[in-house]
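Laboratory data are not the source of any read-out in this text; all were calculated from the coordinates shown. None of these values were measured; they are calculated from a predicted model.
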């Protein structure tokens, strides 16, 4: 449960959000995302306490999910978040741990990597993926290569 957050979002902030959402013309959309600390908000908590109350869609973050699972598998959580987008293609964030990338336990595990080691798993969904990496374009080309190699291996 999200005691302080849920209370705010459903009372004062919830009313403000609902008033603001009336001003959107269909071209803009606000969203919320899961956190990278177990003490904060998982996809499941955001669904139960925010989406069901005010209908704001959830941006699933693959990297954050590793630290705040809400007792859901990655597949369960990404499918739950995707279900909040209605007719709009769901947006997700993808990054990997810099500590894993550099095999260095002294680096904070939540820190984003420079590039990628693993291809993103779409879990059978059609997703808009926002890649998060320090070496922006290099990381994009690396992800394209990983996805291409993954498809080749699967064939």
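Oblate is the label for segment 49-155. Its Cα gyration tensor axes, ordered a ≥ b ≥ c, give a/c of at least 1.5 and b/c at or above a/b.
Remark: the residue 53-residue 72 segment gains 4.8 nm on full extension, using 0.36 nm per residue and subtracting the alpha carbon distance.
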